[in-house]
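Structure, as structure tokens:
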Amino acid sequence: MTHTADSPADRLVLDAVGVALAALPTGPAPPGHATGARVAVAFSGGIDSSVLLDAAARVAGPSRCIALHVHHGLSPHADQWLAHCESFARERGIAFAAERVEVMRDAGVSVEAAARDARYRALGALCAQHGATTLWLAQHADDQAETVLLQLLRGAGLAGLAAMAPEYLPAGAAVTRARPLLHLLRAQLEQYAAGRRLAWVEDESNADTRYARNALRHDVLPALAVHFPGFRDALARTAVHAASAQSLLDDLARRDMQAAADDAGRRLARGTLLALDDERALNLLRFWMRSLGLPAASTARLTDALRQLREVGEDHSLRVDHAGQALRSYRGQIYWEAGDSAEPADETALVARAVSELAWQDESIWRLPQWRGTFVFAEASVDDPGAVPAALLRAAPLTARSRSGGERMRSSAQGPGRTLKNLFQERGVPAWKRDVPLLYAGDALLFVPLLGVNRAAWSGQDAADAADSEARYVRIDWREDLLIA
């Protein structure tokens with residue numbers, strides 16, 4: 001698409017967007033457009049994203065673009081911003097989609113970080129809904145300088161100093177994040193907006209210097225500009241150098257991962273990790289956590305985790321908590337799982353929870369919040385080893401009960417009855433994962449998560465009669481609420 005440039009700022013913005021457009025992967029064209037993948041723009045309604053969306057429509061054509069807005073609900077003006085963004089897009093013939101999110105904060109997580117995480121999750125979901133594989137973000141050179149300075153002041157490592165990449169595919173994500181305006185100054189975007197007479201919203205929190213980024217923007221950067229007028233370029237070069245060095249460290253960590261990780265990359269071999277020197281082991285731990293989508297941990301926390309791994313015995317119930325997850329070591333394997341301060345460290349500390357009861361009528365799920373999980377019931381064949389007659393589930397109320405110790409089950413029709421503790425040990429289930437809800441049908445233990453169906457519960461004549469009169473079979477599964485799949 002051709003366009004007429006009215007000013008130097010106009011040309012700079014349009015050229016930057018044109019370069020980003022040419023780099024888009026080949027993909028299906030949106031309805032009404034002959035060629036080219038869809039251009040998704042994260043659109044807050046502020047000046048930066050307004051410039052990016054306006055320029056994207058001019059370069060790519062409105063029918064190829066979609067504006068994606070996230071409503072956080074943190075400002076009393078959020079509804080007005082949503083209405084403004086939709087109107088801005090519609091006036092230009094640009095498709096618009098929005099998502100409302102609730103910002104949930106864990107202990108020690110700032111509202112900015114929680115809102116950012118919620119925003120990116122929502123934007124990723126919107127991209128998937130609308131067939132976009134690349135998301136354009138409107139950060140610019142001033143944002144990059146602020147980020148590098150913030151990371152320096154926080155004592156960040158190379159990954160932090162690398163700041164924002166021009167293009168980046170987060171671990172486990174399907175949508176690439178691109179920043180077409182990253183080398184342009186905020187002043188150049190302001191000139192473009194003024195020349196185009198754009199209207200935008202102002203987030204009142206941007207003036208609050210209690211936030212570190214705003215303090216830098218309003219109080220520190222203007223002083224730097226007086227004495228070091230080229231500081232933005234210098235900090236941008238620092239980010240590039242840090243990214244290059246981090247890339248080399250990542251290459252080393254990938255090689256170490258190949259030697260230490262299982263096929264899915266979820267577990268590390270403890271012996272292989274501990275054979276590395278401390279710096280190399282810490283580098284692997286950081287890379288592994290990023291690959292799992294976990295937020296970065298401080299050097300102090302990772303160093304302490306590595307110290308514990310080196311000092312504690314193989315059978316010690318290691319636990320290091322971080323970001324709602326717990327680092328565990330068991331039978332030579334290291335892995336992360338959903339953390340919970342109420343989890344018992346061993347079977348002598350089983351937690352008694354309230355009994356839940358269900359009169360089963362073909363429900364597919366039975367949610368048990370006290371155990372942070374769900375029983376799942378699905379149609380199955382008689383040959384499925386995890387299946388029971390549907391009539392058996394209806395014959396008596398189902399109850400979910402805590403373990404009290406000493407329970408026994410038979411895992412095969414002809415096998416002997418054995419204690420749950422022995423079966424857990426045989427199958428390599430860590431002690432801290434054995435506090436599971438036991439599913440009873442009437443007074444008979446029917447199903448144990450991680451172990452399966454108790455064949456003693458339905459080998460009697462009553463169960464056989466029920467099976468004869470009911471052709472349907474149902475498979476029972478237990479699913480924990482996990483942050484990492």
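The values are calculated or read from the model by the stated rules, or taken from the named source; none is laboratory data. Keep in mind it's a predicted model, so treat the numbers as computed, not measured. Because the Cβ atoms are built from the backbone with ideal geometry, glycine has one as well, and the counts that use them run over all protein chains shown. Each accessible area value is taken on the protein alone, full model and side chains, heavy atoms only, with ligands, DNA and RNA left out. Shrake-Rupley method; radii C 1.70, N 1.55, O 1.52, S 1.80 Å.
Observations on the structure shown:
- The set of residues from region 243-265 being among the charged types (D, E, K, R) and outside any helix (DSSP H, G or I) comprises Asp262, Asp263.
- Residue match in region 330-340 (condition: surrounded by 15 or more Cβ atoms within 10 Å (Cβ to Cβ), outside any loop (DSSP other than H, G, I, E, B), among the hydroxyl-bearing types (Ser, Thr, Tyr) and at pLDDT below 85): yes
- Counted residues, region 279-304 - those being hydrophobic (A, V, I, L, M, F, W, C) and not in a loop (DSSP other than H, G, I, E, B): 9
- Residue among Leu276, Leu327, Leu268 that alone is closer than 29 Å to Arg154 by Cβ, outside any helix (DSSP H, G or I), open to solvent by 30 Å² or more (accessible area, probe 1.4 Å) and touching a residue at least 12 places away in the same chain (Cβ under 8 Å): Leu276
- Per-region count, region 132-171, residues in contact with a Gly (Cβ under 9 Å, 6 or more places away or on another chain), among the small types (Gly, Ala, Ser) and at pLDDT below 90: 1
- Within the option set Ala225, Ala207, Ala212, being among the small types (Gly, Ala, Ser) and in contact (Cβ under 8 Å) with a residue 12 or more places away in the chain holds for one residue only, Ala212.
- Candidate set from region 189-211 (those that are open to solvent by less than 50 Å² (accessible area, probe 1.4 Å) and assigned to a helix (DSSP H, G or I)); member that is modelled with the lowest pLDDT: Ser205
- Residue identified as at pLDDT 80 or above, in contact with a helix residue (DSSP H, G or I) (Cβ under 6 Å, 6 or more places away or on another chain), open to solvent by less than 20 Å² (accessible area, probe 1.4 Å) and within 24 Å of Thr374 (Cα to Cα) among Leu438, Leu420, Leu446: Leu446
- Selection within region 296-320: residues that are under 24 Å from the mean Cα position of the chain (by Cα) and open to solvent by 70 Å² or more (accessible area, probe 1.4 Å). The member of this set that is farthest from Asp263 (Cα to Cα) is Ala300.
- Out of Ala97, Ala132, Ala122, Ala128, one residue alone is part of a loop (DSSP other than H, G, I, E, B), in contact (Cβ under 8 Å) with a residue 24 or more places away in the chain and closer than 23 Å to Asp54 by Cα. It is Ala132.
- Region 380-401 - residue that is touching a helix residue (DSSP H, G or I) at 6+ places or on another chain (Cβ under 9 Å) and not in a helix (DSSP H, G or I) and, of those, modelled with the lowest pLDDT: Val382
- Search result, residues across region 151-174 that are in contact (Cβ under 8 Å) with a residue 24 or more places away in the chain and within 27 Å of Val17 (Cβ to Cβ): Ala162, Ala163, Met164, Ala165, Glu167, Pro170, Ala173, Ala174
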